Structures are given as C-alpha cells and as structure tokens.
Amino acid sequence: MNKDKNIHECDGKIEFDLNHIREVDCVIVDKVYAQCQSRQCFPSLEVETKNGTFSSIQFKQGFIVPNTLRTDNIPNRPNFKRVRFTLRIPYIITLSNGQTIENNLPDIDKDIILFIPEARDEFQFNIVTETSSKVLGQPVVMDDRVVFAAGVFIIIKVVGRVQLLIPTFGFCPEPPPCQEFAPEDVCDDFDNQPFPLFFPLQYGDLFGDD
C-alpha cells in the first residue's frame with residue numbers, strides 16, 4: 001500500500017499526479033543523443049553437432065568487436081559522423097545429451113552516419129549496440145549437422161553521460177512484498193476434495209421409494 005497521496009497504483013502500475021511535483025533534481029545519466037535501427041538475415045547457417053542430437057539455440061547480446069570501432073568526420077556535414085564497426089553475436093547450441101557448442105553468427109560490418117554533436121575534447125560519446133536475435137523457421141538436422149536460419153534486429157545508439165534537471169515526486173515508493181517460492185504440495189488438492197461415500201447406496205437412494 002503506497003502512503004504517498006500523489007502516487008497511485010492502478011492494475012499493478014504506478015501513476016503520478018503531475019500537479020504535485022515536489023522538487024527538481026539534478027542527476028547524472030547516460031543520455032541517448034541519437035539512435036537508429038537495422039536488421040540482418042542469415043538464411044543458411046551450418047554447425048557440426050559432433051556426437052549429439054540438436055536440442056536448442058540460445059543467442060547472447062551482440063557486441064562491438066574490440067579495435068573495430070572507427071568514427072570519422074564527414075566533409076561539409078558538421079555534427080554528423082561516419083561510424084564503422086564490426087558487430088559479433090555469440091550463440092550456444094545445446095545438444096540432447098546436455099553438451100553445448102559455442103559459436104558466433106557471421107560478423108556484421110556496419111558503415112553508417114550518426115548524429116554526434118560537437119563537444120569539448122574531454123567529453124566522450126559512446127557507441128552502444130543492442131541486439132535481439134531469433135531462429136527463423138525450423139532448424140534442419142542432417143547427420144552430425146544442424147542447418148538453421150537466423151534474423152537479427154539491431155539498435156545502435158550514441159550515448160553521452162550528462163547532467164539533467166528533472167522533476168521528481170520524492171523517493172520511490174516502497175516495493176511490494178516478495179513472493180516466496182513454495183513447491184506444489186500434492187496434499188493441497190487432496191484437502192479440497194469432497195469426502196467420498198463410504199458405503200454402497202441403498203435401493204431407495206437409487207430408485208426412490210416407489
């Protein structure tokens with residue numbers, strides 16, 4: 001139960017009364033100055049599964065390969081830069097026997113233009129990537145190989161650490177109580193079952209008194 005009258009809970013969501021801002025605070029945050037999206041499709045990837053049978057694929061977050069990021073000025077276009085880097089996305093294949101195979105999708109080379117405003121020499125912009133990868137279609141298992149297709153959604157951001165002045169409603173409300181884990185008890189359903197008849201029904205119970 002939230003004690004702050006300016007903060008309300010509705011269907012499990014926190015709602016704020018914008019007319020009751022308490023103060024304005026100065027915070028240090030990573031501000032996104034620019035961002036863009038991209039996607040990459042790999043229609044046919046093949047991996048040897050050794051002596052096991054394919055079970056599943058799990059993708060990890062992609063990252064910029066060290067020493068591949070390059071940022072260059074663009075003639076006659078101030079505040080925009082040419083950004084080049086190689087993106088690598090690891091994945092893990094799990095076999096039915098529990099063994100795992102670690103591999104990477106083919107490297108993705110990016111050569112794009114991003115808004116990066118002029119700043120003092122000491123200020124640093126960072127290029128940040130986020131990926132969401134998924135298997136397309138159904139993987140095909142052939143002998144000791146698995147063939148699959150993969151699609152990758154990519155978000156590329158220009159991030160700078162700055163001070164921002166923001167309105168606040170005070171400190172965050174108290175979180176709800178934690179939900180304790182309790183394994184299912186077979187006796188729970190049993191306790192709610194109606195008591196059974198212990199004795200056979202009589203003639204009158206089955207056919208009435210007639």
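Structure summary
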{"read-out": "Kirkwood Rh in Å, taken over the chain so that all alpha-carbon pairs contribute", "value": "24.1"}
{"read-out": "Loop-located chymotrypsin sites (Phe, Trp or Tyr not before Pro) in region 119-210 whose Cβ has at most 14 other Cβ within 10 Å (DSSP)", "value": "F123, F171, F181, F198"}
{"read-out": "Alpha-carbon radius of gyration plus Dmax, which is the widest Cα pair, for region 44-86 in Å", "value": "19.2, 58"}
{"read-out": "Dipole magnitude (debye, nearest 20) for the chain, charges at Cβ of Lys, Arg, Asp, Glu", "value": "2160"}
{"read-out": "Region 88-188: translational diffusion in µm²/s, Stokes-Einstein, Kirkwood Rh over Cα pairs, 10 °C, 1.306 mPa s", "value": "79"}
{"read-out": "Between region 138-173 and region 78-116, the Cα center-to-center distance that results, in Å", "value": "12"}
{"read-out": "Normalised contact order of region 40-184, rounded percent, pairs of Cα under 8 Å and 6 or more residues apart", "value": "27"}
{"read-out": "Theoretical FRET efficiency, 1/(1+(r/R0)^6), r = Cβ-Cβ of K60 and R39, R0 25 Å, to 0.05", "value": "0.90"}
{"read-out": "Residue order for E23, E174 - accessible surface, 1.4 angstrom probe, largest first", "value": "E174, E23"}
{"read-out": "Expected 222 nm ellipticity per residue - DSSP helices of 4 or more, -39500 (n - 2.57), all of the chain, to 500", "value": "-1500 deg cm²/dmol"}
{"read-out": "Region 105-210: trypsin sites (Lys or Arg not before Pro) falling in loop per DSSP and having at most 15 other Cβ within 10 Å", "value": "R120"}
{"read-out": "Approximate spin-label separation E46-T71, in nm, with each point projected 7 Å along Cα-to-Cβ", "value": "4.1"}
{"read-out": "Whole-Hz couplings from phi, Karplus 6.51/-1.76/1.60, listed for region 21-29; x for Gly and Pro", "value": "5, 7, 6, 10, 10, 9, 10, 9, 9"}
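The values are calculated or read from the model by the stated rules, or taken from the named source; none is laboratory data. Quantities reported herein were computed from a predicted structural model and do not represent experimental measurements. Note that each Cβ is placed from the backbone with ideal geometry, even for glycine, and that neighbours are counted across all protein chains shown. Quick note on the areas: whole protein, heavy atoms, side chains included, nothing else; ligands and nucleic acids left out. Shrake-Rupley method; radii C 1.70, N 1.55, O 1.52, S 1.80 Å.
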